[in-house]
1. Looking only at residues in the stretch 580-590 that are crowded, with 21+ Cβ neighbours inside 10 Å and more than 18 Å from Ala625 (Cβ to Cβ), which one is modelled with the lowest pLDDT?
2. Residue check, Lys217 against (1) at pLDDT 90 or above; (2) under 21 Å from Asn195 (Cα atoms); (3) open to solvent by 20 Å² or more (accessible area, probe 1.4 Å); (4) touching a strand residue (DSSP E or B) at 6+ places or on another chain (Cβ under 7 Å), all met but one. Which one?
3. For the stretch 276-293, which residues satisfy the criterion of being open to solvent by 20 Å² or more (accessible area, probe 1.4 Å) and more than 24 Å from Asp94 (Cβ to Cβ)?
4. So in the stretch 251-275, with the set limited to residues that are over 27 Å from Asn308 (Cα atoms) and touching a Lys or Arg at 6+ places or on another chain (Cβ under 8 Å), which one is surrounded by the fewest Cβ atoms within 10 Å (Cβ to Cβ)?
5. If we keep just the residues of the stretch 305-335 that are in contact with a Lys or Arg (Cβ under 6 Å, 6 or more places away or on another chain) and open to solvent by less than 30 Å² (accessible area, probe 1.4 Å), which is nearest to Lys349 (Cα to Cα)?
6. Return the pair list, or none, for Cβ contacts closer than 9 Å from residues in the stretch 567-578 that are free of Cβ contacts under 8 Å to residues at least 12 places away in the same chain to residues that are part of a strand (DSSP E or B) and β-branched (Val, Ile, Thr), at least 6 apart or on different chains.
7. Of (1) touching a residue at least 24 places away in the same chain (Cβ under 8 Å); (2) over 30 Å from Asp117 (Cα atoms); (3) surrounded by fewer than 16 Cβ atoms within 10 Å (Cβ to Cβ), Gln239 satisfies all except one. Which?
8. Looking at (1) under 40 Å from the mean Cα position of the chain (by Cα); (2) open to solvent by 10 Å² or more (accessible area, probe 1.4 Å); (3) modelled with pLDDT of 90 or more, can you tell me which one Ala182 breaks?
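The values are calculated or read from the model by the stated rules, or taken from the named source; none is laboratory data. Because the structure is predicted, anything quoted here is derived from the model rather than measured. All Cβ positions, glycine included, derive from the backbone under ideal geometry; neighbour counts span all protein chains shown. Just the protein is used for accessible areas: all its heavy atoms, side chains included, with ligands, DNA and RNA removed. Shrake-Rupley method; radii C 1.70, N 1.55, O 1.52, S 1.80 Å.
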Amino acid sequence: MSSQSSLRFSGGRPAASLALALSICLPAVAAKAPKRCDWHGPLSGGEKPYAKCIDMATMNGTTVKVPKNVTRISADGLSFCQPKTPTTGAGDADIVFIYDNSGSMTADAAFIETDGDTSFYYVSNDNGCRSNATSGSINYPTKTGNVVLPLLVSNNGCHGFAGDPANARGFVVTEGISFLAATSATSTAGAISFNSITKYESPLIPVNNTASVAALKASIQLDTSGGTDYRPPLALADQWLSDPALIKTKKQAIVFISDGAPNNDTYQNLVSRLDPVFSIYLSKNPTPDTARLQELSAATGGTFTRVNPNDPNAMVAVLKQIISTITTNTLPKSATVTNKSMAPPQVSKSLGMTSNPDGGAALKLDSILGLKLGANQIEVQLLREDNTNATYNFTLDVSGDEISSTAGNYSCYDMPTLTAIDKATNTPPEIYSPDKTSYQLKLTRSPSELGDVTVSASTPNNDKEGIKVGNTNMSLGYPTQTGDFNYNANKGNPAVGNNVLEVDNHGDMTFVWSHPRDPRETVTYTLPGRVVPIISGSPDISIKKPVTEGVIFDPGKIKDKDPVVVTDSKDNCIVNCTGTGDFHKADGLPTWNLIIKSPITYKIKIFDNLGQFVCASSGEINAAAWAALAKTGDSAAIRLKFVPVATSGQQLGTGAYLMRADVIALGDLVTKGSSGESIVVKNAHREYFKKFGY
């Protein structure tokens, strides 16, 4: 090769970079936009995920930087921690301890797992497990003495895990009663054993009475038989906790320890009147049975915690945490949260409080709180259970790097989308039909407390209508809402507010929705009246005078050795301009004139006459460049000029070369013609092959 040059296209940038820059787009492009996120307490894992509590005392007076695409505070994602040093000390409560004595609690056999751990099984009613052979026995300590169990050769068919192989639940309850007496001496406690019926019933007694506490602890007995019926112990606990002669405090609660689902649903009609049920489920692993006890706790405002029954110390620790949650009187019973930086300030009030497994008080606000970019002054006012007040102030600085997925303190969702739906085909129309009079409007948004909402609709001739969308569908996990709208394609003189969009046959219909308290959750959708194709013309590569005739180029001046230069019709450079001015202004470059009707991306490869690869290049006419191009109607002319330089930087010699070009017109976009009219541009991809020479 001699010292001449050529044009190249390398792997192009994704079309998403252009789509994000467009302010008006159809739903297929809107999905590529950055997600918006809610701020809340740090997310927990486990069987019942929740937002962990936030220590307001630690937050007070601080500034917390959050990603700039966090647009609001969640309405159901705040939970407040117990103060580390309560100002008024512990409170008091009437607590009934219910413990399971059904047959499944005790182990009948053991099996050594491959990892060395031991599994214990209740095999009396498990025929598949009972038929397994045994080999020797295992001697293990429990809270009621050593136990010798047969050792299974295999655990095939074994499904009935023993709920309390360590016989620890009696010990755990007595430890809980001792802890209650030590930390909240004005409380009362009672205990009930159950299987199919109740047994060892000990009504509420003041825990500051030593003799009564000793008798209560002595009444706690372990014997296992029968089924699992929730109703008898819950009904008796409800009776005691409603008896003025027994209860001594303003707060009542139930602690429920079990290993299995109830045998029936007869307890369900008690749920609405039960005091909070704080449940401990004894199971090494999650099981389907956990759901019923978890539902009971959730429905009554208590907590649900699963504990490995092989770990009595963990059981005690969980019970002590539950007792602290019940008795500490510094938890809030209501809250008001204000963003003072919104104009006007936004205020949300709590609708209710529930307890979380971490001991925090979870609140549900009556609405979300919007956040603006930059500093947001947040005030939290709490009314505690002892009727004392606390006020905390902190700053949320919404200016950090954007995030794209749910994690930690953030839950992220796609930005909302709007689209029209032709109910006859159940598909979005590319343009509205002059033969129709209505479409369905579909809004998809992130979760919030909103019900039915109104979408603003307008036309170029100043018609303005409100489109109501409701029929909320949560099957996808986030709200999708629909509502019909009417239009008259031919009427040019609009009547505002008559529920009909009058569009004069060719104007756009524009729909806008924003969350009323979060203006940054917004979407604009345009339904135009006509569609145009995108790319036209064959690759007619022309050349006035070959650059090889006495012209020597310095390939070192070409940025990134990219030999394709894109200009407008007047040779003003658009792409690959740095260092190429001397080249693209010369007459001797092969030039391809192309007519485009939207932003594009391109990839071009050049081969010599022997089919050997010479160079490649890629680039794009992005949204800004497309908007700046001079247009004739809806089209713009561009020129692609091939500077004769190989990928290696060596100049190309005189001869024949072959171009292969891929041009992608970025479709499904709304663009503007020379008159400013909106036009839908169809997506298109074309390949071009052309032989040319220097």
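1. Phe583
2. Lys217 satisfies all of (1) at pLDDT 90 or above; (2) under 21 Å from Asn195 (Cα atoms); (3) open to solvent by 20 Å² or more (accessible area, probe 1.4 Å); (4) touching a strand residue (DSSP E or B) at 6+ places or on another chain (Cβ under 7 Å) except (4).
3. Of all residues in the stretch 276-293, those open to solvent by 20 Å² or more (accessible area, probe 1.4 Å) come to 276, 284-289, 291-292.
Within the stretch 276-293, Lys284, Asn285, Pro286, Thr287, Pro288, Asp289, Ala291, Arg292 meet the criteria.
4. Step by step, filter the stretch 251-275, then rank; the result is Thr266.
5. Step one: list which residues in the stretch 305-335 are in contact with a Lys or Arg (Cβ under 6 Å, 6 or more places away or on another chain), which gives 308, 330, 332.
Next, from what is left, pick out any that are open to solvent by less than 30 Å² (accessible area, probe 1.4 Å): 330, 332.
On the way: Thr330: 19, Pro332: 13 Å.
The extreme case among them is Pro332.
6. Within 9 Å, the pairs are Cys573/Val565; Cys573/Val566; Cys573/Thr567.
7. Condition not satisfied by Gln239: (1).
8. If we test Ala182 against (1) under 40 Å from the mean Cα position of the chain (by Cα); (2) open to solvent by 10 Å² or more (accessible area, probe 1.4 Å); (3) modelled with pLDDT of 90 or more, just (1) comes out false.
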